[in-house]
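The values are calculated or read from the model by the stated rules, or taken from the named source; none is laboratory data. Since the structure is predicted, the reported quantities are computational estimates derived from the model, not experimental observations. Cβ: placed from backbone, ideal geometry, glycine included. Neighbour counts: every protein chain shown. What goes into the accessible areas is simple: the full protein's heavy atoms, side chains included, and nothing from ligands, DNA or RNA. Shrake-Rupley method; radii C 1.70, N 1.55, O 1.52, S 1.80 Å.
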Amino acid sequence: MTAGMIGIALVSLGMVLTPGPNMIYLVSRSITQGRKSGFISLSGVFLGFTTYLIATCLGLTAVFAYVPAAYTALKLAGAAYLLWLAWNAVRPGGASAFEPRELPVERSGKLFTMGLLTCLLNPKIAILYLSLLPQFVDPSMGHVLLQSIALGSVQVAIGTLVNGLIVITAGSLAAFLARRPVWIRVQRYLTGTVLGAFAVTMATDRSKAIVAS
């Protein structure tokens, strides 16, 4: 179980540090409208994480256990997507999420809703829960449902914590990285390496889907 939690923690950290819809939206909102608006948006993202976790633990992965071809297809799609993220992290001329993007000022309700939808429509999160999470569950230990909840909670905690730090430091980080572009390259290559390694592991893995019961 410990190994599984470390594995999902590393994947979650690599994915949350890779610029994607959640990061770009939270950074832009925090810089444009302030930290309070950033945290309201983050609360929507948190609900999105939780929604995926609950859906997965209620048996979404069981579908793939009974339809092996569907699970294999999704796993390969997940590996391809991780490779795409890794390439976008290291490719020349890649844009930084900390380049401010102008957004209209919105009320709290819409900020929350936009944060939720940004997370729910984020393919990184869908793939993480539907394809990656089940692979870190050890059926020999029993209590598969509890394992799934524990592993998913690790992702929720890391995703929320890192995104919270991003909201707090968005303005300062944007200014810092604008003056020191070498740090952007370091971040991109590290996350690209982590995601690329897990993509290869996913693509070569031959395990079957695990029913969370």
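Among 158-166, 35-43, how do they line up from the highest to the lowest mean number of other beta-carbon atoms within 10 Å?
35-43, 158-166
Rounded to the nearest 10 Å², what accessible area does Ile31 show when all protein chains are kept and the probe is 1.4 Å?
About 60 Å², ignoring ligands and nucleic acids.
Please work out how much length the chain gains when fully extended from Ile149 to Thr204, using 0.36 nm per residue of separation minus the C-alpha to C-alpha distance, in nm with one decimal. If you can, show how the numbers build up before the last one.
Values: separation 55, 0.36 × 55 = 19.80 nm, distance 2.56 nm.
Separation in residues times 0.36 nm, less the Cα-Cα distance, equals 17.2 nm.
Quick one: if the Förster radius is 41 Å, what FRET efficiency do Trp87 and Asp138 give, using the C-beta to C-beta distance and rounding to 0.05? Mind showing how you got there, number by number?
Numbers: r = 31 Å, r/R0 = 0.76.
Given R0 = 41 Å and the Cβ-Cβ separation, E is 0.85.
Measure off, as a whole percent, the carbon and sulfur share of the 1.4 Å-probe accessible area of the stretch 104-197, all protein chains present.
Numbers: 3430 of 4630 Å².
The C+S portion of the solvent-accessible surface of the stretch 104-197 is 74 percent.
If packing is taken as the average number of other Cβ atoms within 10 Å across a peptide's residues, how do 83-92, 20-29 rank, most packed first?
Details: 83-92: 16.0, 20-29: 22.7.
So the peptides 83-92, 20-29, ranked by packing, come out 20-29, 83-92.
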